[in-house]
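In what follows, a structure is listed as structure tokens, so that the remarks can point back to it.
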Amino acid sequence: MDIHELEQRTQQALDEVQSAPDAAAVEALRVHYLGRNGLLPQWMGLLKEAADKRAMGQALNRFKTGVLAAVNARKDALAAEAKAAQAGAFDLSLPGRWTRRGRLHPITQLIDRTSAIFRRMGFTVADGPDIETEHYNFDALNTPADHAARDTQDTFYLPGGNLLRTQTSAVQARWMEAHKPPVRIVCPGRCYRRDTTDATHSANFHQIEGLYVDRRVSLADLKSDMDHFARELMGSGVKSRFRAHFFPFTEPSVEVDFSCHMCGGKGCRVCKGSGWIEIMGAGMVDPNVFAAAGYEPDTVTGYAFGMGLERLAMILFGIDDIRRLYENDARYLAQF
């Protein structure tokens, strides 16, 4: 082979590479011409027979360099074409495909709604652990050692002496230990009790509890704040009333009823004809609770309240069975 023939073969190889239809064909041509068993190594073996070894060597080098550059250029061009074709497959003029948005669970909606009302009233939202100690869940809240709530039939005890909190009041005890008065907090969260599940009870439920402590807090403050909360939550015509009760951590203690928002207090199915709906337990914080938290009972007073969010949801949304909230039927929950 002379130099003239080699130059012809070089041009032929370049033409073949540039016209290769795909990356696989380009790679096949590279192997054919430049591979270990390709034509170039064979031609290199004939170099010793060339009349002008120097000129032939330079020509072979030009062949190798030219073909390799053509191979890389063709591969890049094919990759660019594929990318452009892929981009062109998407029609930008088509309308977007929107997935259906999810919804908040009714209990989550109610937590957000009640927390927002209390925030506007100056309360801070506080949180605490679901796994509690007996101290914060009972002792710090003035619950006697022989109280029925501490029995294993009512409370989920865990190995090591801890328990699943039965009320979010434990957060109040923790908060008072860490903060000096004045204190104004609400504590929404999950609670656990050994209740038999039925239409109105569940072993796993939610509460929102509140605490307001300052120098001269009275039942009048509690009444006015609950009146405001009732109107914000259920409508401008709703009122609240107190009924005497007993809780270990408040003295005096009251049950708080709201006038029925469905019938305006006239009596209906929702309020069972009474015109009132029982909403929460509340009262003035017992001095023993202040003493356990390190507060001086002679210088501060305060009120506390707590309500079940599932019960509120059943009243507000007309839910007849608490179990519907946890069956995870998306068709049912989508109504709210």
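What follows is calculated from the coordinates using simple rules that are stated; it is not laboratory data. Since the structure is predicted, the reported quantities are computational estimates derived from the model, not experimental observations. Reconstructed Cβ throughout: ideal geometry from the backbone, glycine too, with neighbour counts over all protein chains shown.
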Query raised in the report: According to the Kirkwood expression over distinct Cα-Cα pairs, how big is the hydrodynamic radius of the range 27-124, in Å?
Result: 20.5
**Report entry** Cα lying deepest toward the dipole's positive end in the chain, options Asn288, Leu110, Val186, charges on Cβ
**Finding:** Leu110
Report summary line: Taking 0.36 nm per residue of separation between Cys263 and Arg216 and subtracting their Cα-Cα distance, the length gained on full extension comes to 13.3 nm
**Report entry** Pairwise FRET efficiency - Ala23 versus Leu104, Cβ, R0 = 56 Å, nearest 0.05
**Finding:** 0.65
**Report entry** Cβ charges +1 (Lys, Arg) and -1 (Asp, Glu), total dipole of the range 201-336, debye
**Finding:** 620
Report task. Translational diffusion coefficient, Stokes-Einstein: compute it for the range 74-232 using the Kirkwood radius over C-alpha pairs as Rh, at 20 °C and 1.002 mPa s, and state it as an integer in µm² s⁻¹. Result -> 107
**Report entry** Nearest-ten-degree value, helix 106-120 long axis tilted from longest Cα axis of the chain
**Finding:** 70
Query raised in the report: If each of Asn288 and Ala84 carries a label point 7 Å out from its Cα toward its Cβ, how far apart are those two points in nm?
Result: 8.5
Query raised in the report: Under unit Cβ charges (Lys, Arg +1; Asp, Glu -1), what dipole magnitude, rounded to 20 debye, does the range 3-88 have relative to its Cα centre?
Result: 360
**Report entry** Karplus 3J(HN,Hα) series, Hz, for the range 300-311 with 6.51 cos²θ - 1.76 cosθ + 1.60 (x for Gly, Pro)
**Finding:** 10, 9, x, 10, 9, 8, x, 9, x, 6, 4, 5
Report task. Please provide three numbers in whole Å: the alpha-carbon extents of the range 159-236 along the principal axes, with the largest listed first. Result -> 41, 36, 16
Query raised in the report: Relative contact order for the range 66-178 using alpha-carbon pairs under 8 Å, separation at least 6, rounded to a whole percent?
Result: 23
**Report entry** From the coordinates shown, volume of the Cα convex hull per residue in Å³ corresponds to which of [x] 184; [y] 155; [z] 290
**Finding:** [z]
Query - Options Met262, Val31, Met314, ranked by Cα towards positive dipole end of the chain, top entry (Cβ charges) - result: Val31
**Report entry** Asp198/Gln42 FRET efficiency (R0 56 Å; Cβ-Cβ; nearest 0.05)
**Finding:** 0.05
Query raised in the report: Sorted by average packing, counted as other Cβ atoms within 10 angstrom per residue and highest first, what order do 232-241, 42-51 take?
Result: 232-241, 42-51
**Report entry** Estimated vicinal HN-Hα couplings, Hz - the range 152-160 in sequence order (Karplus 6.51, -1.76, 1.60; Gly, Pro = x)
**Finding:** 5, 6, 10, 10, 8, 8, 10, x, x
Query - Cα-centre dipole for the range 106-333 with unit charges at Cβ (Lys and Arg positive, Asp and Glu negative), debye to 20 - result: 860
Report summary line: Cα convex hull volume per residue for the range 80-168, in Å³, equals 283
